[in-house]
Amino acid sequence: MNFIETPLKDCWILEPRIFEDDRGYFYEKYNEREFEQHTGLNGHFVQDNVSKSSYGVLRGIHLQKGEHAQAKLVSCLEGKVFDIAVDLRPESPTFGKWYGVELSPENKRQFYIPRGFGHGFSVLSETAVFAYKCDNFYHKQSEGGVLWNDPELNINWKLPASDVILSEKDKIQAAFAQKNY
């Protein structure tokens, strides 16, 4: 596994070593021991989630707060997404910064987003199947978020704004300055 540090403190891109031959391919998708050795972070996950979305769907910017905060290891199993993380930890040197990475089955990349970060993705292909490994269980009362098009964050979602499809919840998230995180 190749571990690529991002400009955001504690965010990582994971690239597997792929073994291919005329039968197909094999790769190790995740190894907790290797993850912890390379990143110095806790890599234990307790819940896996999968979502399917169509082109233009934008999910985010979401997070879990307090004792129910979640770190996530995300990947795209089908299609293509642009995945973003926003550092919402006030004490962090990268607070208020975001970073994005394209995820697809072709590049087989995964993106690790630690606790205290907002997370979202936009679907760039006709459809996409997205997988999340979470290190803590979901708790509805601990939800937080930031408005997807907050001008202070100025995230480039790699989609024309006219193509963006949002849930009702994502349409009314708080601005970054309102600190709903």
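No lab work stands behind these numbers, since they all come straight from the coordinates. Keep in mind that this is a model prediction, so the values were computed, not measured. All Cβ positions, even for glycine, are placed from backbone atoms using ideal geometry, and neighbour counts span all protein chains on display.
Would you be so kind as to identify which of Leu147, His119, Leu166 lies farthest towards the positive end of the dipole of the range 56-168, taking Lys and Arg as +1 and Asp and Glu as -1 on Cβ and the Cα centre as origin?
Positive-most Cα among the choices belongs to His119.
So which aspartates and glutamates pass the test for Lys169, namely a Cα distance under 17 Å, with those fewer than 8 places away in the same chain ruled out?
List returned: Glu143, Asp150.
What GluC sites (Glu not before Pro) in the range 120-181 are in a loop by DSSP, with at most 13 other Cβ atoms within 10 Å of the Cβ? Could the numbers behind the result be given before it?
Values: sites: Glu126, Glu143, Glu152, Glu168; in loops: Glu126, Glu152.
Listed in order of number, the matching sites are Glu126, Glu152.
Within the range 106-139, find all residues whose amide N lies under 18 Å from a label point positioned 7 Å from the Cα of Asn49 along Cα-to-beta-carbon.
Those under the cut-off are 111-123, 128-139.
So what is the relative contact order of the chain, in percent, for Cα pairs below 8 Å that sit 6 or more residues apart? It would help to have the intermediate numbers written out before the result.
Details: 412 pairs, mean separation 51.2, N = 181.
RCO, the chain: 28 percent.
If you bin the C-alpha pair distances of the range 124-177 every 5 Å from 0, what whole percents do you get?
Percent of pairs per bin, in order: 4, 13, 18, 23, 22, 16, 4.
Efficiency by 1/(1 + (r/R0)^6): what FRET value for Val164 and Phe3, r their Cβ-Cβ distance, R0 = 25 Å, to the nearest 0.05? Each step should come with its number before you reach the end.
Working: r = 32 Å, r/R0 = 1.27.
Here the calculated transfer efficiency is 0.20.
Based solely on C-alpha atoms, express the radius of gyration and the Dmax of the chain in angstrom.
For the chain, the Cα radius of gyration and maximum Cα-Cα distance read 15.9, 54 Å.
Tell me the Kirkwood hydrodynamic radius of the range 1-72 in angstroms, computed as one over the mean inverse distance between distinct C-alpha pairs. Don't skip to the answer; put the middle values down first.
Values: mean 1/r = 0.0656 Å⁻¹.
Taking every pair of different Cα atoms in the range 1-72, averaging 1/r and inverting gives 15.2 Å.
So which chymotrypsin sites (Phe, Trp or Tyr not before Pro) in the range 7-39 end up in coil per DSSP with only 12 or fewer other C-beta atoms within 10 Å?
Passing both the DSSP loop test and the Cβ count: Tyr27.
Rounded to the nearest 0.05, what FRET efficiency is calculated for Lys140 and Tyr25 with R0 set to 41 Å and r the Cβ-Cβ distance? Display every interim value, and only then the final one.
Details: r = 39 Å, r/R0 = 0.94.
Efficiency, rounded to the nearest 0.05: 0.60.
At 0.36 nm per residue, and after removing the present C-alpha to C-alpha distance, how many nm does the segment from Arg17 to Ser125 gain when stretched out fully? Let's see the in-between values first.
Working: separation 108, 0.36 × 108 = 38.88 nm, distance 2.49 nm.
Roughly 36.4 nm would be gained on extension.
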